[in-house]
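First up is the structure itself, then whatever we jot down about it.
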Amino acid sequence: MPRKARTSSEFRDALLKHLTYTMGKDPEHAQFFDWRMALSHAIRDRMVDHWVASTRKTYEQDGKRVYYLSMEFLIGRLLEDGIFNLDMVEEVKEALDHFGMDMRTILNDEPDAALGNGGLGRLAACFLDSLSTIGCPAMGYGIRYENGLFKQSFVDGRQVESPETWLQEPHPWEFERPEVRFTLGFGGDVIYENGKTLWRPAELIQAEAFDTPIIGWQGKWANTLRLWAGRAVDPFDLGLFNAGDFAAAAEHEALARTISRVLYPEDSNEAGKELRLKQEFFFSAASIRDILRRFDSQHDDIRMLPKKVAIQLNDTHPAIAGPEMLRILHDERGLSFEDALEIVHGCMNYTNHTLLPEALERWDERLFGRLLPRHLQIIDRIDDAHYKAHPHRTLSARSDGQVKMGELSFIVANRVNGVSALHTDLMKKTVFRELHELHPDRIVNETNGVTPRRWLHSCNPGLSRLITDTIGEGWVDDLEQLERLEPLIGDKAWIERFETVKSDNKQALASYVAQTHGVKLNTEAMFDVQIKRMHEYKRQHLNILEAIAHWQEIKDNPNGDWTPRVKIFAGKAAQGYHFAKDIIRLINDVAKLVNADAATRDYLQVIFLPNYNVTLAERLIPAADLSEQISTAGKEASGTGNMKFALNGALTVGTLDGANVEIRERVGPENFFLFGMLADEVMQRRMIHDHAQQAINADPRLARALNALRDGTFSPEDPGRYTHIADNLTWSDYFLVCSDFSDYWRAQREVDEAYRNPEKWAEMAALNVARSGWFSSDRTIRGYMCDIWGAESLLA
Ligand code: 26V
């Protein structure tokens, strides 16, 4: 029998076996869910073989291991990812065909693992993929949230949140590890006993491990994502139960579970803050214990730790890991404070992901001291040691009644990195200016990247096929090979195939939108896409204001020669961020009016798709013509969506912010629509007290669009609904929407002009693809391995 035929019948048998013995169903009665679970288990079996082999090799080689501590891992769906990474697409299709099942339907049955908010969490997921593809021995540590990021729907155009319940049905990818449990404490006292300082926590809780295998490209290596779940030390108080207090008897259990219940509870009230700090300590402390336990199982000299362990703090959320490790080494293991600090410093590194002042973590020292009294003392000693080494400066982690997690992370870390060239530069000049002067070699840059497996090969099979037909398959784990497409771009037949891929992807998106939302999109029009979290600095309101002005102009001259556009938005707003929620509502109200306008609807459509998540991004990005990356310069640390769009052949309209700067450099300024002030111009502009009014006075289009917000054009039933947005933009406009409006308008008209020449547009788009290879997260991870971790691949 030929090999292929045998393997596919083997896989078919494996699938049937799981349907029968794992799910307890026969093919006649199985539902989609049963098929998906059976398929997931059959794929998982294949992963486990690689996983066990990788783990064994890691122990044998005893090289340096990397531990990536992150409060968020936005991994999305895993089944399709697994099938693609194991290169089993054809085999799976055949096996499902045999049983009369459609692969797409089965894959679409899987819920997203939405264990993250946005960029930071998705980056962590791309990094896991790259670490496994490269064969770097690594482990991700995070929290197994029972409820991931909320679901978003719209009622009368307004965002409504509902809980996300991905764990209500069995999750086939994780292995519960009841034997891996650590008991952790909160509160209590610090006591001094026989010359030793010891922490006696008042409240105890357990962290239980759940492991998910993370398979790399072609299954050559697999690492582990270990997520911690909260468990009660003593789940049930029989004494209370017998005394008749049934609620109190189970209270322990409920409290313990709360800790891993929700992703980022609201940060605006004291109770919420306390729970978040508890979550941070909970997963950091469990991870540190696990790391030390693993090290101890193979070594007996703790001084070797920095040679064997590199820990990466994904933002400051796990920063408490530093003081906790110090506490264990000093208080529990008896090392001198100085030696312990040196060891911790040798292991820890910190990535900063934002310069926004409101997002820099700071804890009230009373709250901090109440939950973690010993850690507060240790932070003081870290400050003292730092001051002793640099006596002429008073830079401390604890000051003004607060514990500053950014400063703490910087002082403890061996390396500190930013996530794009511009952001790293601004870090040195702004938030960490003084610390950078003291430690000029500590800050390094590692520009973000995205995994080409998920963000091209699997989400855009048409383009993937065209690329593979042209240059072979090597690009999937060596993305800079995309350069080899460049000579083909002048080839008419090739560029036509490239155009066909994009138009098929647009068609597919349009059918999906028609089916799910009942809106018919004009696929001849340019698909102009802005998808990301809702935030004033990301300026979705700049985009919609330009759309309003454009609509007004088309209405003035409905027989003009307009370039048709479909403006697509998606993104969630934080529950308590009312201004961002009002921008969503505004976009929905504009969509309602504009899409119903017979005079303009052939030229302009607007749609806001609900519940943006990884899966929706995978549908939208391959279908985009234009990528909106329009943040106020200096505010977006990097962006990673910007890279995904360029890689999938969308052109960017954007500011010189974050990684846009590097994207433009690489794809060529002639293939990028630039507008807006530069980061330093932004700072200058803010000094002008009436910058917004000046901009409005100078641009009648902007004035007219703002008037439409004020006069109730988009909310006739409630004319005052958007006055506050117009007022905000007129009187304060911190993010300089008005000041950048005219130049944005100019860039958008250039976009229109360029789109009218389809051949030229396709060439520019194809150049974006060919020149985006550097934005692979494989390149980013190699940078971390070399500049930060000193880790090596274990693949031959
Ligand atoms: C901060 C806060 C503070 C207020 C309470 C809730 C909350 C939640 C998360 C954060 C940190 C957000 C940091 C973040 O996601 N940064 C993004 O990181 C991406 C990966 O490096 C980068 O591409 C984006 O530009 C950056 O915004």
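Numbers below:
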{"quantity": "Normalised contact order of segment 339-491, rounded percent, pairs of Cα under 8 Å and 6 or more residues apart", "calculated": "21 percent"}
{"quantity": "Kyte-Doolittle mean at least 1.0 and Cα axial length at least 20 Å: DSSP H helices in the chain", "calculated": "119-134"}
{"quantity": "Neighbourhood charge, 9 Å Cβ-Cβ cut-off, centred on ILE495 and excluding it, Lys, Arg +1 and Asp, Glu -1", "calculated": "-3"}
{"quantity": "Long-range amide H partners of LYS25 with built H, under 5 Å", "calculated": "THR20"}
{"quantity": "DSSP bridge orientation in segment 79-225 - percent antiparallel, rounded to nearest 5", "calculated": "90 percent"}
{"quantity": "Longest to shortest principal axis, alpha-carbon extents of segment 392-536, angstrom", "calculated": "68, 40, 22"}
{"quantity": "Test item: Cα-centred dipole of segment 428-496, Lys/Arg +1 and Asp/Glu -1 on Cβ, debye", "calculated": "340 debye"}
{"quantity": "Percent antiparallel among DSSP beta bridges (both partners in segment 272-424, rounded to 5)", "calculated": "40 percent"}
{"quantity": "Loop-resident sites, segment 86-149, for chymotrypsin sites (Phe, Trp or Tyr not before Pro), counting at most 16 other Cβ within 10 Å (DSSP)", "calculated": "PHE99"}
{"quantity": "P(r) histogram, all alpha-carbon pairs of segment 154-264 included - 5 Å bins from 0, percent", "calculated": "2, 9, 11, 14, 15, 14, 12, 9, 7, 4, 2, 1, 0, 0"}
{"quantity": "nm² value of the averaged projected area, convex hull over the Cα atoms of the chain", "calculated": "37.9 nm²"}
{"quantity": "Of THR563, PHE673, PHE714, farthest towards positive along the dipole that unit charges on Lys, Arg, Asp, Glu beta carbons give the chain", "calculated": "PHE673"}
{"quantity": "Relative contact order, percent, segment 549-606 [alpha-carbon distance under 8 Å, six or more residues apart]", "calculated": "47 percent"}
{"quantity": "Which of PHE527, PHE150, PHE283, PHE775 has the fewest Cβ neighbours within 10 Å, and the rest in rising order", "calculated": "PHE150, PHE527, PHE775, PHE283"}
{"quantity": "Average projected area [Cα convex hull, segment 4-135], square nanometres", "calculated": "9.5 nm²"}
{"quantity": "Ordering of 246-254, 577-585 by packing [mean C-beta count within 10 Å, highest first]", "calculated": "577-585, 246-254"}
{"quantity": "Ordering of 560-570, 433-443 by packing [mean C-beta count within 10 Å, highest first]", "calculated": "560-570, 433-443"}
{"quantity": "Isotropically averaged projected area of segment 445-525, using the convex hull of Cα atoms (one quarter of hull area), nm²", "calculated": "7.4 nm²"}
{"quantity": "Semi-axes of the equivalent ellipsoid for segment 585-679, Cα gyration tensor, largest first, Å", "calculated": "26, 16, 14"}
{"quantity": "Electrostatic dipole magnitude of the chain [Cβ: Lys, Arg +1; Asp, Glu -1; Cα centre; debye, to 20]", "calculated": "500 debye"}
{"quantity": "Signed unit charges on C-beta, dipole axis of the chain, positive-most listed residue LEU305, LEU586, GLY576", "calculated": "LEU305"}
{"quantity": "Under 16 Å from the Cα of LYS492 - lysines, other chains or at least 8 residues apart", "calculated": "LYS502, LYS760"}
{"quantity": "Most positive-pole-ward Cα, THR632, LEU609, PHE281, against dipole of the chain from beta carbon charges", "calculated": "PHE281"}
{"quantity": "Relative contact order (%) - criterion: Cα under 8 Å, at least six apart; region: the chain", "calculated": "13 percent"}
{"quantity": "Vicinal HN-Hα couplings computed from phi for segment 564-569 (Karplus, 6.51 cos²θ - 1.76 cosθ + 1.60; Hz; Gly/Pro x)", "calculated": "x, 9, 10, 9, 10, 10"}
{"quantity": "About the Cα centre, charge dipole magnitude for segment 189-313 (Lys/Arg +1, Asp/Glu -1 at Cβ), debye", "calculated": "820 debye"}
{"quantity": "Calculated diffusion of segment 94-173, Stokes-Einstein form, Kirkwood radius summed over Cα pairs, 10 °C and 1.306 mPa s, µm²/s", "calculated": "101 µm²/s"}
{"quantity": "Sequence of ASP400, ASP690, ASP597, ASP528 once ranked by neighbouring C-beta atoms within 10 Å, starting from the fewest", "calculated": "ASP400, ASP690, ASP597, ASP528"}
{"quantity": "Bins of 5 Å from zero: percent of alpha-carbon pairs in segment 332-469", "calculated": "2, 9, 15, 18, 15, 13, 8, 6, 5, 4, 3, 3, 0"}
{"quantity": "Rg over Rh [alpha-carbon atoms, Kirkwood Rh] for segment 490-536", "calculated": "1.12"}
{"quantity": "For segment 471-539 and segment 417-459, distance of Cα centres in Å", "calculated": "28 Å"}
{"quantity": "Ordering of 74-86, 291-303 by burial proxy (mean other Cβ atoms within 10 Å per residue, highest first)", "calculated": "74-86, 291-303"}
{"quantity": "Antiparallel DSSP beta bridges within the chain, percent to nearest 5", "calculated": "45 percent"}
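The numbers here are math on the coordinates, done by the rules we state, and not lab data. Keep in mind the model is a prediction, meaning the values are calculated, not measured. Here the Cβ is made from the backbone with ideal geometry for all residues, glycine too, and neighbour counts use every protein chain on show.
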